[in-house]
Amino acid sequence: MTTVNEDTESQEEKSQLSVPSTSISLTATTSAYQLVSEIPTEESQKFDLSAHVWSDEDNEDILETPNKDGPKYEAPHERPIWANKTEYLLAQVGFSVGLSTIWRFPYLCFHNGGGSFLIIYILMMFLVGIPLLFLEMAAGQRMRQGSIGVWKVISPWIGGVGYTSFMVCIIVGLYYSVLMAWNLFYLVQSFQSPLPWLLCPLSKNSSIDSECARTSPTTYFWYRKVLKATDEIEIDGKPVMHLSASVLVIWLIICISMIKGPKSTGKMLYISVLLPYIILFSLLIRSLTMKGAYFGLKNLLAAKVPALYSVEVWRRTGNQLFLSLGPGFGSFTAISSYIPRSNNCVIDAYAVAFLNLLVSLTTTVFVFAVMGHLATKNNEKCYLMNAEKVMDLVTAQVLPPEAHPPDSLYHDPSAIYPKWLNNLPEHIKSRILPNLTDCDLSKELNKVMIGPGVVIVTFSDIVSLFSGPTFWSIVTFLLLVNLGLSTVIGIIQGIITPLQDTFSSLREHSKLLTVGVCVPMFLGSLLFVRPSGSYYVNLLDDYWVSLPLFFIVILETIAMAWIYGARRFLTDLSIMMGHPISPIYRWLWCFLSPFVLLVLFLSTLIHLSVKEITYLAWDSRISHEVTRIYPSWAKALLIFLVVITVLPVPVYFFYTVIIRVASPVSMSHNTAIITFQPEAKGDSPKVGPRLQVRQKRQKIIKMDKPKTEGKLSFL
């Protein structure tokens, strides 16, 4: 059971015990005489950090029906639910598996120990990731509210964490839609042959554009045609028209998908979630048939033991885990609030985490296989260049005719070149080697995996390696658009649900609310489609988002484990779901998760404080990417955004303190106890939650004594 504390407007008015309309439908009142006669002592108020846990004795005096003389209210609007469990799981998985899963995981895996990175990731997923997913899903499912309402119920002292999640969803939603707009533009451009980023454009005099000639066509297309990027973040301009149109289309799709709530969203998720898995499986099969794929996979599975002892590797792995899974946004809580309380959210947490891991591993295998193929091609080019040099030296009679490479070398350079070179007599080999370039397959793999300076350019390079690049380009960018779409739907759900729970009248106008959220979000997204907009996206995605998310999840864990009580919460869930839950989660929530999260938060904060924050920019003078340091005002903007997003937590804390000091009588009696019973199955009538008000007439004498036990639940 849980206790819900809410404020009354004055002590003269009748105290009204209520819970938000989305979860509790009864209101109980007490008379003014009872309010005066039941004032608790100061000692009892000091420890009232969370709800009372009443014993069985106390329940004897529970009043199960509201006072008939009290004011009557209209029944709250019925909370919508998902059409079935499949749509609910698709919503959870769709939000969790996003562009971060596709873009960052392969790169981090390669540069942080390969197999060692996978070991650390899976270990942290089991010990921290899954327990946090379970916590957020269970909180939303149990309280039947979004992030704002849930944490107010669990503990008013940290009620501001819901507002922080709400603000994070808004800011991330603004720039995440731009990531989708980039992919949508590439998708539209893919419907032509040849692909526009495979060849350099021609200038007015029919010659190749000089700026494109100094770089690769894919890089040139990205910076000059897609972004129309400026050389520095300080140089600004008007929003790019084709990107503005792409952002508009994205927000129209999101608005239409969510216009009717979970019912319309669920139908859209069948496409936006299931289609990417089909596409990804097709890409995986195609990549495994490419020459050199085995070499790439061999490097993936090679574990570098020193990485297991590196603090930096653990920090990067932890950041990737939380950015990939997505706790802290409040979206898991919001999505779970539309599922019946009897749902087994433990299995759901494991399902979401394992599917997220499966997509991450599948994408990593695909990328490593393709990069192994690309490295093999580059290495074969190196072999052929060396063979050309040797033939030139033989023609110039610098080398004897015996040094001439075999004609079959061009059919399979990877197999024939090493044999030919090794079989040369030593005196000839010693004369040849100083004139040859060192061709090393591992070095070539390092070059092609140098990192996601711009990941979307990497994907455009990848599709160019396939036969029939137009088809594979359409398939690849359709995959990326759908992944991003399902994630943004989850983020917007984390905005709409708290608004409907806070202002219940908005449920009558859900369509208008959806439009009212999407239109301002579209207008705000236009800030990031300016010529310098991509640099702001990098600032937020690389340096800002992890700090408030860690802060949110730390507070959520502490509130549930140490203020509300982990044992108590697990008891609630056991009653709710009708079966016991392993006590291991209590120890993970109370000790391991807060410790790991705090270490990750502090290490990330130190990392950002010590090192310069940089961004990859386009230098039009040399037609190349350069690394620049963010100016001081960009750092100030970063600090401002971090502070403004976490500010609701201390503000709401002090607001709660002031209210409790100003209205001690109202706060002490504005208490309700919610008892949950397992939901009926089959055709039998459902047993809903009952609001039970404990009469204290027999407890007045006890209230005069110092009473601290039972006030603060730790475990």
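The values are calculated or read from the model by the stated rules, or taken from the named source; none is laboratory data. Since we're looking at a predicted model, the values are computed, not measured. We place every Cβ from the backbone using ideal geometry, glycine too, and count neighbours over all the protein chains shown.
Here are the numbers:
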| read-out | value |
| --- | --- |
| Restricting the range 392-413 to residues that are touching a residue at least 24 places away in the same chain (Cβ under 8 Å) and surrounded by 16 or more Cβ atoms within 10 Å (Cβ to Cβ), the residue that is nearest to LYS381 (Cα to Cα) | PRO413 |
| The range 521-562, residues that are closer than 18 Å to LYS611 by Cβ and among the acidic types (Asp, Glu) | ASP541, ASP542 |
| Qualifying residue in the range 532-540 (condition: touching an Asp or Glu at 6+ places or on another chain (Cβ under 6 Å) and in a loop (DSSP other than H, G, I, E, B)) | yes |
| Any pair with Cβ under 7 angstrom, 6 or more apart, that starts in the range 471-492 at a residue that is under 26 Å from PHE166 (Cβ atoms) and ends at one that is outside any helix (DSSP H, G or I) and aromatic (Phe, Trp, Tyr) | ILE491/PHE329 |
| Filter result for the condition that a residue is farther than 17 Å from ASN319 by Cβ, among the small types (Gly, Ala, Ser), surrounded by 13 or more Cβ atoms within 10 Å (Cβ to Cβ) and under 24 Å from the mean Cα position of the chain (by Cα), over ALA561, ALA566 | ALA561 |
| Unique match (being modelled with pLDDT of 90 or more and surrounded by fewer than 22 Cβ atoms within 10 Å (Cβ to Cβ)) among LEU357, LEU323, LEU283, LEU301 | LEU357 |
| Within the range 73-104, tally of residues that are modelled with pLDDT of 90 or more and either of a type outside the set (Val, Ile, Thr) or in a helix (DSSP H, G or I) (or both) | 14 |
| Test: TYR417 is at pLDDT below 85 and among the aromatic types (Phe, Trp, Tyr) | no |
| Test: ASP438 is modelled with pLDDT of 85 or more, in a loop (DSSP other than H, G, I, E, B) and of a type in the set (Asp, Glu) | yes |
| Check on TRP562, over 24 Å from LEU133 (Cβ atoms) and outside any loop (DSSP other than H, G, I, E, B) | no |
| So ILE673, is it loosely packed, with under 12 Cβ neighbours inside 10 Å, more than 17 Å from LEU539 (Cβ to Cβ) and at pLDDT below 95 | no |
| Residues within the range 570-618 that are out of contact with any helix residue (DSSP H, G or I) (no Cβ under 9 Å at 6 or more places or on another chain), assigned to a helix (DSSP H, G or I) and in contact (Cβ under 8 Å) with a residue 40 or more places away in the chain, tallied | 1 |
| Test: residue in the range 367-388 that is over 35 Å from the mean Cα position of the chain (by Cα), surrounded by fewer than 21 Cβ atoms within 10 Å (Cβ to Cβ) and among the basic types (Lys, Arg) | yes |
| Residues located in the range 609-635, provided they are of a type in the set (Gly, Ala, Ser) and surrounded by 11 or more Cβ atoms within 10 Å (Cβ to Cβ) | ALA617, SER620, SER623, ALA634 |
| Qualifying position, being assigned to a loop (DSSP other than H, G, I, E, B) and not aromatic (Phe, Trp, Tyr), among SER342, SER257 | SER342 |
| Helices (runs of 4 or more DSSP H) within the range 114-218 that include 3 or more residues modelled with pLDDT of 95 or more, buried (at least 23 other Cβ atoms within 10 Å of the Cβ) and not β-branched (Val, Ile, Thr) | 130-143, 160-189 |
| The lone exception for LEU523 - which of (1) more than 30 Å from LEU300 (Cα to Cα); (2) under 24 Å from the mean Cα position of the chain (by Cα); (3) in contact (Cβ under 8 Å) with a residue 24 or more places away in the chain it fails | (3) |
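Residues checked against (1) β-branched (Val, Ile, Thr); (2) outside any loop (DSSP other than H, G, I, E, B):
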{"residue": "TYR294", "(1), (2)": "no, yes"}
{"residue": "LEU297", "(1), (2)": "no, yes"}
{"residue": "ALA307", "(1), (2)": "no, yes"}
{"residue": "GLU312", "(1), (2)": "no, yes"}
{"residue": "ARG316", "(1), (2)": "no, yes"}
{"residue": "PHE329", "(1), (2)": "no, no"}
{"residue": "THR333", "(1), (2)": "yes, yes"}
